[in-house]
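The structure appears below as structure tokens.
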Amino acid sequence: MQLLDGKFVSEKLKQQIAIEAAEILVKTGRKPHLVAILVGHDGGSETYVASKIKSCEKVGFNSTLYRYESSITEVELLKKIDEINQDPETDGILVQLPLPKHISADKVTEKISPEKDVDGFHPVNLGRMQRNLPSFLPATPYGILLMLQEYGIETSGKHCVVIGRSNIVGSPMSILMARNTNPGNCTVTICHSKTPDIKKFSLDADILIVAIGKKNFVTADMVKDGAIVIDVGMNRETSTETKSGYKLFGDVDFENVAPKASWITPVPGGVGLMTIVGLLKNTLASAKKEIY
Ligand code: NAP
């Protein structure tokens, strides 16, 4: 078994991003600028946004964080997004999900200008992605592609099974793995909560990508010998063993699956770190006007 080491790859790619950010500063006199919006005080969201902001600093981007209480109305939030859309000093906008129930995540996603949609969730970017046109790719699937690329993993002709069909991970991941690109060119199967006998499909996977949010869902008996296993799951549990007071678990039973896999991502230290790289690369591409 070999580790798909998100810490190693993300550090390497961040160094390259930092070099490009410095070049942009010399050429244009300004740094790429990411604006993040955080609503409420969800523990996971606080941590994810903090590490995105910290990563911006590390690669020489400007960042701004707008924080709102859960009581903010949908109208107020949409107005703020509109304002940032118009700001020529902003290259990328992200609104951390999930949002409180009274705010429609779909409306918020669609309000962000596709040209600044560095999380890659806007229907315009998803549609362009499907048609293989230049677009901001959803940050997590993008990070996974970058990881596969960095390790030189051949995906063409392989059977890729994606478990989970969310708009932000499973669904775009399945499209990207089926596209006529490298990485890509897989035969793709998507499984979800209505799929009977997921094991029947997962056992045939050369590449297994799991994004469902259920701790240790994929067990060793569900995985083919030599499979490449990508674990997107981030399941937080409170813990007295860690300084932060919580522990992260993946959707894959790493300890028992790893000996069967040819390559596997750990949690933490895998896909989560690559998601941030996807976000930074999208912000850089926006600052360079590479997509629009
Ligand atoms: P989501 O929106 O809740 O979607 C979960 C998907 O999993 C749905 O398609 C659901 O099926 C499917 N599912 C749920 N239970 C299942 C089961 N027992 N068997 C088969 N399929 C099942 O989740 P998400 O946003 O994609 O996130 C998934 C996980 O990835 C979470 O742990 C999340 O925290 C993590 N995540 C990590 C990153 C990262 O950077 N590492 C980024 C995003 C998300 P239905 O469609 O039928 O309901």
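A few comments on the model shown:
- Scanning segment 248-272 for residues that are of a type in the set (Gly, Ala, Ser) and more than 14 Å from Val169 (Cβ to Cβ) turns up Ala258, Ala261, Ser262, Gly269.
- If the condition is being among the β-branched types (Val, Ile, Thr) and modelled with pLDDT of 95 or more, then segment 46-91 contributes Val49, Ile53, Val59, Thr64, Ile72, Thr73, Val75, Ile81, Ile84, Thr90.
- Every test in (1) in contact with a strand residue (DSSP E or B) (Cβ under 8 Å, 6 or more places away or on another chain); (2) open to solvent by 30 Å² or more (accessible area, probe 1.4 Å); (3) within 18 Å of Val108 (Cβ to Cβ); (4) not in a helix (DSSP H, G or I) is passed by Ser71 save one, and that test is (1).
- Some residue of segment 239-252 being among the acidic types (Asp, Glu) and within 10 Å of the ligand (Cβ to nearest atom): yes
- Filter result for Arg131 (over 14 Å from the mean Cα position of the chain (by Cα), more than 22 Å from Val9 (Cβ to Cβ) and not assigned by TED's automatic domain parsing to the domain that holds Gly40): yes
- Residues being within 10 Å of the ligand (Cβ to nearest atom), among the small types (Gly, Ala, Ser) and open to solvent by less than 20 Å² (accessible area, probe 1.4 Å) - total across segment 259-292: 2
- Summed over segment 174-231, residues that are open to solvent by 70 Å² or more (accessible area, probe 1.4 Å) and among the hydroxyl-bearing types (Ser, Thr, Tyr) total 2.
- Conditions (1) in contact with a Lys or Arg (Cβ under 9 Å, 6 or more places away or on another chain); (2) modelled with pLDDT of 95 or more; (3) more than 15 Å from Ile276 (Cα to Cα): number failed by Gly43: (2)
- Pick from segment 138-158, criterion in contact (Cβ under 8 Å) with a residue 40 or more places away in the chain and open to solvent by 20 Å² or more (accessible area, probe 1.4 Å), ranking: farthest from the chain's Cα centre (by Cα): Lys158
The values are calculated or read from the model by the stated rules, or taken from the named source; none is laboratory data. These numbers come from a predicted model, not from an experiment. Methodologically, a virtual Cβ is constructed for each residue, glycine included, from the backbone with ideal geometry; neighbour enumeration extends over all protein chains shown. All accessible areas refer to the heavy atoms of the entire protein, side chains included, with ligands and DNA or RNA removed. Shrake-Rupley method; radii C 1.70, N 1.55, O 1.52, S 1.80 Å.
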